1. What is the residue count in the stretch 126-147 for residues that are farther than 24 Å from E27 by Cα, in contact with a Phe, Trp or Tyr (Cβ under 9 Å, 6 or more places away or on another chain) and not aliphatic (A, V, I, L, M)?
2. Here's a check for you: in the stretch 79-101, which residue that is at pLDDT below 70 and among the aliphatic types (A, V, I, L, M) is farthest from T22 (Cα to Cα)?
3. Where in the stretch 93-190 are the strands (runs of 3 or more DSSP E), entirely inside, with at least 1 residues that are charged (D, E, K, R) and surrounded by 13 or more Cβ atoms within 10 Å (Cβ to Cβ)?
4. Can you pull out every residue in the stretch 1-48 that is modelled with pLDDT of 65 or more and among the basic types (K, R)?
Amino acid sequence: MPHIERRSYVRGNFSFKIKFKTMSSDEYEALLNSRDSRFSFFQEEQGIDAAENALSSDTSIDASLMNYLVRLDEKLDLILELLTKDNEAADLFEQAIGVNISGSGMNIMVDEPVETGQIIHSKIYLSRIPMVFLDVFGEVVRSSEVNECGKILYSLGVNFLDLSVNDQERIITTVFKSQRGDLRKRKNGP
């Protein structure tokens, strides 16, 4: 029987770190509405797209500087979370490992079960040089229990919600770059 590809986007199988938190549909809608109004004003005033594109296309940035900035950003996010959320542990971002990603969704491994239909807010660093950072929302469409070396983990299939075309292109570019690197390694041998 011939193989029929059902995916619209190329999917890359590589590991990446994710910070995520779950939220209800109402919280997502409220956040999306407030975020759109604030972000569109900020974007017009500051030219955020131009600055982000310049940073992501510049490969002459020192790797240690980029690593330092990413870690500084993560620490500032944590401090802001702790200060604004009244120290409630439920509102903090949790850690996960991404297994694969495409322009329409991703598969992640988490420690605690998450119900299908739940909305998750994810912060993903796909690549540091060039910088590929994504702040995305997705809906859990599949959840299954996995025994990984004696530890129970949960595999989540997530479909992205309202992902911009630019973010889709950045994901696909990163996937192709990773696949090219894997091909070079196989071609050159051990």
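1. 3
2. For the stretch 79-101, the residue satisfying everything is A89.
3. Hits in the stretch 93-190: 94-101, 119-127, 132-148.
4. Those that are modelled with pLDDT of 65 or more and among the basic types (K, R): R11, K17, K19, K21, R35.
The values are calculated or read from the model by the stated rules, or taken from the named source; none is laboratory data. Nothing here was measured: the structure is a model prediction, and the numbers come from that model. Using ideal geometry, Cβ is built from the backbone for each residue, glycine included, and neighbour counts are taken over all protein chains shown.
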